[in-house]
Structure formats: structure tokens, C-alpha cells
Amino acid sequence: MHKKSLIFKFSVLLFLCSSSYALINVQLIPYLIRLGYSTPQRGLIVSFSAFASIFGQLLIGYISDKTNTVKKLFMNLTALLIVTIFLGYSISDHNFIFHFIVLGLGMMFFRICTNLAETWILGLDQTREKFGTIRGIGSAGWAIFSLISAYVIGYFGYSGIAILFSFLSLLILLVSFKLPDIETVETANISKTDFLSLISNKNYIILLIIFFIAFFVMNTDSFTVTDLIFEFGGNESDVGLRWFIQGFLELPAFTFGNILIHKLNKKRFLLMTLSFVFLRFFLYSLSTNITHIILISLLQMVTFPFLIIGQRIMIYDETPARLHATSQMIAVSVTMSASSILTPMFSGYLSLWLTNRQILLSFALISLIAIFILPLYKHQKEGAQL
């Protein structure tokens, strides 16, 4: 398959993936609110999906490396994703156990499929160098369907989300079927000594802690900020509009951030990003209406994309080539998946005593811990030796 044709087809694939994933992720919390579940109950569902995804990602990653395939795993998990999400969004009876299991598993499959799609792109020489461009197209799909999701709910209810998601997912399977699998490679086994040397790398551990705190705070953007929108009298349309704006801001942000981190000292880049994270959630705590929240959300451009870029590049620099894949896999599990478990549980616990704005102020103050830890990090050159 010609390189341009392959890049185009993977761009279509990621656009469809991001579009369908936006439908279920952006409207998950509003859906659970409409079903009448409390903040702690919503937190349990999200935490369960994140907890299950940690082990799911590690297992699927191991199977993928052993079998040298991403395509088959991606297609099989997409099929499971269709079933769980369709059931979860179609059956709207107030049944916590049912939604805890079905939506929890569905969101687990969503997280794994997201990582597999990106791994698939990186696993082919023809598409690897265009990963940023393809991911940017995916962000466009996320932005557009974040906005569309509210209109779908308005006209057809949440069952409309289930139907549209299933249709897009079937298109994903069709496109996937025509794409080549990753290239077969021989990988050296990672020894116990390699693993111990990785976790004894001080800089690596410091970065894990810093990014864990940063994503722990950032996760409240999906939970507590959504609750605040509803507190201010908002609805699914306001939630969709905010995600639409944030999605489109990511398009230039990923490109600009990739340039900026190489222009600046990486430590300064991270300090700047962490400062914006604090500012963003501190301002959320001062907001008094939905307009304030949407305006503050413009800081998405210098927070989430910059954190993703910083984590990928800085952790890459701190580990030798033989441990690049392992170090990144552990980093994602710790900083993103593990934090996704703890954030809703912690915010749900705080909701018993604090208002939404007080919760956001608490998380803003927590982000300062990452800034205080940053001086302990001593930047190494790319391809560090352990």
C-alpha cells in the first residue's frame, strides 16, 4: 500500500475512533447524572474502568508483543466495546450494579482501544513520522462530535448516542479490516535487572510522581467541572460546547508544544505547564457562571497537550533504547490510569463536605506539590544510560 494512501486511511481511522469515543466519554458524566447516580457512585464507575484498564492495558500489551499483532486485538476489542456501550447507553433504568459493570467495562475497552490505535500507527514505518498529523485529525473528530453529541441527545435521547456510536464503530471495523497490521519485529526480553534499574532511576521516578500529580488534578476537568456546569444550570449542550472548544485547541497545541519543548529547556517547559495547570483550576474555583468556565477552558491549549508532550519526550530522554517501550507503558499506567482511579474517588469523598468550587480549589493547591518537587529533577540527555 502506498505511503500517502496508508496515511490517509489511518487518518480516517483515527478520526472515526476519536469521533465515536467523544460521544461516549464527553457525555458519560451527564448521562450518569441524568440517571440519578450520586457523585460517589459516579466516581466508583469511573474508578472501576480506570482500575480495570491498568491490568487490561498491560495484558493486551503483553499479548500484542508476543503475537506481533495490533490489528486483530483492536478489532476484537472494538466489537466488545460496541456491545457494552450499546447496552450501557440503551438501558436507562436506575440500576447501579448494571451500569457499574457494563459502563465500567465499556470505558475500559475504550481506553485500551485508544492506546492500541495509536500503537498501530507507531508500529508502521510509513505512518510513524506522521503520527502528530494523524493524531491532530483525530482531535478534530473529537471536537466535532463533542458538539454533535448534545444535539443527538436533544433529538433522540441517550439511546441515540448508543446507535450513532455503534454505527461509527462498525465503520471503524470496516476501515481496520483493509489496513495492514504492524510490522513483525524481534524484541529482546526485558530482564529483572533491567526492570530494577528502571525503577531505581531517580529522575524517572520523580517524573512519574510529577506527572501523576498533574493528571490527578487534570482529571477533575471531566468530573467536578462538569458537575459545576450543571450546578450553574447548564446541560449537555454546554458540556459538548466546552469539549468542542478544547478539542479544536489541541490541534495547534500539539504542533506548537512539540516545537516549544525543543526550543526551551525541558524543565522550564514543564514548570510553565504545571503553572498553567495551577492557574486553570484556581480560576475554576473562582468562576460564577458557565461563561467563566468556558473561557477558563481555553487554558486547555497549554495544559493537557503540553503534559502529554512533556511526559512522552522527557521519559523517553531518561531511559535507554532497550527500555523505551516498557518505560512508556509503565508511565501511562501510573500517571494516567492510576490517577483516573483516585481522582473521582477523592473528589467524591470531598463532595460530602465541600462545594464543587472548594473541591477545585483543593485540587489547584495539590498541583503546587508537583511544582515544589520539580527542582529535584536533574535533566539528562536523550538515551540516558542506567
Those residues of the stretch 91-100 which are in a helix (DSSP H, G or I) and surrounded by 15 or more Cβ atoms within 10 Å (Cβ to Cβ), in sequence order: F96, H99, F100
The condition from (1) open to solvent by less than 60 Å² (accessible area, probe 1.4 Å); (2) touching a residue at least 60 places away in the same chain (Cβ under 8 Å); (3) out of contact with any Gly (no Cβ under 7 Å at 6 or more places or on another chain); (4) assigned to a helix (DSSP H, G or I) that Y316 misses is numbered (1)
The residue from S20, S64 that alone is at pLDDT 90 or above and assigned to a helix (DSSP H, G or I) is S20
For a quick check of your reading of the model, give me the residue pairs whose first member lies in the stretch 29-45 and is on the phi < 0 side of the Ramachandran plot, whose second is of a type in the set (K, R), with beta-carbon atoms closer than 8 Å and at least 6 apart or on different chains. I29/R42; L32/R42; I33/R42
Restricting the stretch 335-350 to residues that are modelled with pLDDT of 85 or more and open to solvent by less than 40 Å² (accessible area, probe 1.4 Å), the residue that is nearest to T193 (Cα to Cα): T335
Go over the candidates F278, F304, F269 one by one and state the one that is crowded, with 18+ Cβ neighbours inside 10 Å, within 16 Å of M218 (Cα to Cα), more than 16 Å from the chain's Cα centre (by Cα) and not hydroxyl-bearing (S, T, Y). F278
Report yes if G233 is surrounded by fewer than 18 Cβ atoms within 10 Å (Cβ to Cβ) and out of contact with any strand residue (DSSP E or B) (no Cβ under 8 Å at 6 or more places or on another chain), otherwise no. yes
Collect the residues in the stretch 27-45 that are of a type outside the set (S, T, N, Q), open to solvent by less than 40 Å² (accessible area, probe 1.4 Å) and either at pLDDT 85 or above or touching a Lys or Arg at 6+ places or on another chain (Cβ under 8 Å) (or both), keeping them in residue-number order. L28, I29, P30, Y31, L32, L35, Y37, R42, I45
If you scan the stretch 332-368, which residues turn out to be over 22 Å from the mean Cα position of the chain (by Cα) and among the β-branched types (V, I, T)? T355
Out of all the residues in the stretch 88-103, which are free of Cβ contacts under 8 Å to residues at least 60 places away in the same chain and more than 21 Å from the chain's Cα centre (by Cα)? I91, D93, H94, N95, F96, I97, F98
Within the stretch 203-230, residues of a type in the set (S, T, N, Q) and either part of a helix (DSSP H, G or I) or open to solvent by less than 10 Å² (accessible area, probe 1.4 Å) (or both) come out as N203, N219, T220, T224, T226
Meets criteria (at pLDDT 95 or above and open to solvent by 50 Å² or more (accessible area, probe 1.4 Å)) for F372: yes
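The values are calculated or read from the model by the stated rules, or taken from the named source; none is laboratory data. All values reported here derive from a predicted model rather than from experimental measurement. In this analysis, Cβ positions are derived from the backbone assuming ideal geometry, glycine residues included, and neighbour counts consider all displayed protein chains. The accessibility values were calculated without ligands, DNA or RNA, using every heavy atom of the protein model including side chains. Shrake-Rupley method; radii C 1.70, N 1.55, O 1.52, S 1.80 Å.
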